[in-house]
1. How many percent of DSSP beta bridges within chain B run antiparallel, rounded to 5?
2. Fewest Cβ neighbours within 10 Å first, please rank B:262, B:194, C:200, A:74 accordingly.
3. If you fit an axis through the alpha-carbon atoms of helix C:212-231 and take the longest principal axis of the Cα set of chain C, what angle between them do you get, 0 to 90°, nearest 10?
4. With only alpha-carbon pairs counted, each pair once and no self-pairs, how large is the Kirkwood hydrodynamic radius of chain A in angstroms?
5. Using just the Cα positions, wrap the range B:220-312 in a convex hull and report its mean projected area in square nanometres, one decimal place.
6. Compute the normalised compactness of the protein assembly as shown: alpha-carbon radius of gyration over 2.2 N^0.38 Å, N being the residue count.
7. What are the lysines whose alpha-carbon lies under 28 Å from the alpha-carbon of residue B:310, with same-chain residues fewer than 8 places away excluded?
8. Rounding to the nearest 10 and keeping the result within 0 to 90°, find how far the Cα-based axis of helix A:246-280 lies from the longest principal axis of chain A.
Amino acid sequence: MSEASTNATATAAPKSYLDDGSTIRSWLLTIDHKRIAILYLISITIFFALGAFAAAAFRLELLTPQGDFLSAETYNKFFTMHGIVMIFFFLLPSIPAVMGNFLIPIMIGAKDMAFPRLNLLSWYVFMAGAGLAISAIIAGGVDTGWTFYTPYSSMYANSHVILAVTGAFIAGFSSIMTGLNIIVTVQKMRAPGLTWFRLPLFVWSMYATSLVVLLGTPVVAISLAMIFVERFLGFGIFDPALGGDPVLFQHIFWFYSHPAVYIMILPSMGVISEVIACFSRRRVYGYTFVAFSSLAIAVIGFFVWGHHMFVSGQSAYAGVIFSFLTFFVAIPTAIKIINWIMTMHKGSISFDAPMLYAFGFLGLFLVGGLTGLFLSTMATDVHLHDTYFVVSHFHYVMVGGGVMGFFAALHYWWPKMMGRMYPEGWAKFAAIVIFIGFNLTFLPQFQMGYHGMPRRYHAYAPEFQIMHVMSTAGASVMGAGYLTMFSYLIWSLFKGKKASANPWDSRGLEWETACPPPTHNFLETPVVTQDAYSFDLPSVTCVLEKKDKPEEHRV
Amino acid sequence: MKSVFSLLPEQASTVAGQVDAIYLFLVAVSIFCMIFAGLLVLVFSIRYRRRAGVESEQPHEDSRLEIFAGVCMLVLLMTLFGWGAKVYFHSVRPPADAMEIMVTGKQWMWKLQHPQGKREINELHVPVGRPIQLTMTSEDVIHSFFIPAFRIKQDVLPGRYTRLWFEATKVGKYHLFCAEYCGTEHSMMGGWVTVMTPADYERWLGGEVAPIAGAPQETPAQLGEKLFAQLGCTACHSGAPGSLGPDLAGLPGSTVKFTDGTQAVADDDYLRESILDAQTHIVEGYLPVMPVFRGTVNEDQVIQLIAYIKSLSGGAH
Amino acid sequence: MSSASQANEHVAHHFESAEQQRQSAQLGMWAFLVTEVMFFSGLFAAYIIYRSLYPEAWTVGSHMLSIGLGGFNTIILLCSSLTMALAVHAAQTDKRGASARWIILTIVLGLAFLGVKMVEYSAKIEHHLVPGAHFHLDPAQELANLQAAGVQVGDHLRHAMETVNTAHVQLFFSLYFAITGLHALHMIIGIGVMIWLLKTTIEGRYSSAYINPVEVSGLYWHFVDIVWIFLFPLLYLVGRH
């Protein structure tokens, strides 16, 4: 504490983290969690653009059934690139590495993450993995699909599987480092008075996410390593000619990759809790249920991987057990949705841009969740597996849920991160355009899926063309929405109105420091005395009984 | 063919209607939930919109709503689970009298062989109203046999057999797709399933509907018998007393005991393994002398050999 | 609290106290070791499934490994765990010289392990037991060799040798090389960490007030040992019966 006060006397007006050094070196060698978050934000934006470019190319290709814009080989490489880039290099790090990195220390009143150098290392490791994956694309592409199913990936594909697999493998370690940091930071570095049940729900959901990362990521890493060993060293592990079992790869792969879906959605759920509470000015309804449902989803998520494999040739009895367990994921998820809606009840609701994105999340994620029931029911899954229905379902969950949540977070905490406001009107406009464009893109895909349109098809039966045209049209609307958002956010960095410390009049430690925050977040370690979401009180550090000049704790 | 805008695609098998019933129920549940949630959000948004001088009211901790919702969900979900599992088990258990058609997938075509010997590529002709069982394997990567109008799908794996069955209910022509991504021409790996009246099917088998040029008309069992002789299997598996190898008549479906004390049912997978890698399991009373045929015979030939071995005990069946 | 943090210059800027820093370091290492367990578990899953499918291949595979060298390596690693524990203890009690000496011994034992491992690997290469195109195993010949060497061949082994499918033995060796290779990689990283630890110990960075790096490196070293304690019986011993 003495350290903090000497700082305060040395510089009367504390420098924001953005002004604390402006050289490239000061950014690339920073150990400030906020700057690392910005490094991540820039990188994932680039990867998002790359993944979106691939999507644009194959959506154009799918305008005609005979597949004349791209060759079959190129088409396969584009959807693989879309999957690998979007999942490993955009969605997985999106909220955890950007928002989690930036916010968790501030939300719990710490000066930094527990392991700042590890945090920086994670970004370099991430970029190294991305570099390898991108070099695979430049060298000629990968055509296995992001799932890398054996024996195709290990013995038959003629593309740059090894580079891509190594890239994804390395990127996994960056997730592990971030997850490890979050776990230790939340466990050990909470400010005095900040008990577990005073934590913002975003912290709970990030904690649950990090548990999934720690337990799951190493397993997918080893499954990718086994492909590497089989393909590069020629050691048969899944080779059927040696008695190996290619389905075993699927088991090991999905053991991680199903929980990975929760790595993409749980953080968004945390964001939505924050945003809905703030713009309803109300404590989240059933706080403990929402907090524990995050943990429940994380735990149950580890026992349902076999539902990706109902038609893979695993035993029918295994399928039944996985189907049974899968339904249990729906319960905590439904409770969360109910509680978010109930949070609005008797609130004082305003419709700022983050709230509109949160509404978008609610609508799209609800569709994603409900269509999940179609796929966990065995009889319908047999028909729907590997069709566009599945494609649409996971886009509703991962884009409608995950990415809309990320955008809600970006708009909600943008003033905190950048110190500037974006143009509210444009932001609302973009939220609505993206929502409409998304539905136009993916609703037709449910319909074609049930009619039997298989996924990963370069050329398709002509009767599906009308649906593909609708989908591509919708995708261009959605693309326009993304471009609008990108433009006004960039504009706001230079021309946006300066943000006040708490522009939404929200509650939580992150709103009790400057916008943007100083390098060590707080000039003095805050002492928390109230629950999160104390909208009936002036701040979470105010002291009600004893007159202890609550203003002093605020920056 | 039904328009893609119609609620349901063509139903042409006995399970299609059952799957569609679950689908419609789920659609109804989804629409209800979306309308319900949408209305709540709308009503709250209007009723509790921010107004000057009106403060929000903080909630009290109360678990009744969550518990009620959880119990309702549980009932709904278990209904879905039970219903889905019941239809699923029905759809994966072939009836005993099903006609068996052998399927081999390879990059990027389906090769099919009827019990009477007729062979097709990327086309499947079947009679209406008769259960058909497909026994499938792959020569290379994983494929998946998918007939949307029948609502069935099964992955086809290298190195083992998977099964699929259906009973077509409607004469017509339906899509056949490969649903598991299998490489460059994945989207071309498919064709048509033609469901015919039994009389038309018999005519088709007889060759009145143009057969594939050059396709042999011998049955798989006959081809298998020739192979059996060519490969020299008769030397040991003649069935004569004192032969080096066991008599194969009556073997399929029986229980065999191995020298290590374990036992197994001689199903297709066992027969396949025994042909390719005989050393894996040695039947009690015999020596491990049979050569390895992996690499010598391809998947089609294994299927023919199995058909022949089965035909040896045809009378007993 | 503030006096404590001033007294110890090792407390990083973002920690409130030395105790908080120490607990964070330990929790971080334990969490990391959990990820390591999961990392190896994928390979163990493959091991368990293939072993239950092809027990005779596992019997033959186990017999092709040198139990003497494996056992010797087990003893080496157990000793290295002891020397590591003594190094940590010496650091805790401010005996810098002793700590450095124990670390050196740990490094030497680690290198010895890797040396023995290399001998084993080269023997496997010589005998064409590396999976792939050059893999060659003639069980009948092996059986004859064993009998010629006067080894008592039990029924279990004889039966396995007679009936084994050599393709399945390839699977065994794929997993053998994958698992022991991954373990060896961990050993190499561990030795790297030990060298850094030795350098910083000699520089006098650690005292009873600050030994986090020594403690967490020790945890890591013990973990790598424990993995071997599982590997040795699973690969070398279990298939023998």
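1. Details: 31 of 45 bridges.
That works out to approximately 70 percent antiparallel.
2. Details: B:262 10, B:194 20, C:200 13, A:74 17.
Going from least to most buried by this count: B:262, C:200, A:74, B:194.
3. So the helix axis and the longest Cα principal axis differ by about 10 degrees.
4. On the way: mean 1/r = 0.0414 Å⁻¹.
Here the Kirkwood hydrodynamic radius works out to 24.1 Å.
5. Values: hull surface 21.5 nm².
So the mean shadow area of the Cα hull is 5.4 nm².
6. Details: Rg = 32.2 Å, N = 1113, 2.2 N^0.38 = 31.6 Å.
Ratio of Rg to 2.2 N^0.38 Å for the protein assembly as shown: 1.02.
7. Leaving aside lysines fewer than 8 places away in the same chain, those within reach of residue B:310 are B:106, B:111, B:118, B:153, B:226, B:257.
8. 30
Just so you know, all these numbers are worked out from the coordinates, no wet-lab data involved. Small disclaimer: the values here were computed from a predicted structure and weren't measured. Cβ atoms come from the backbone with ideal geometry, glycine included; neighbour counts cover every protein chain shown.
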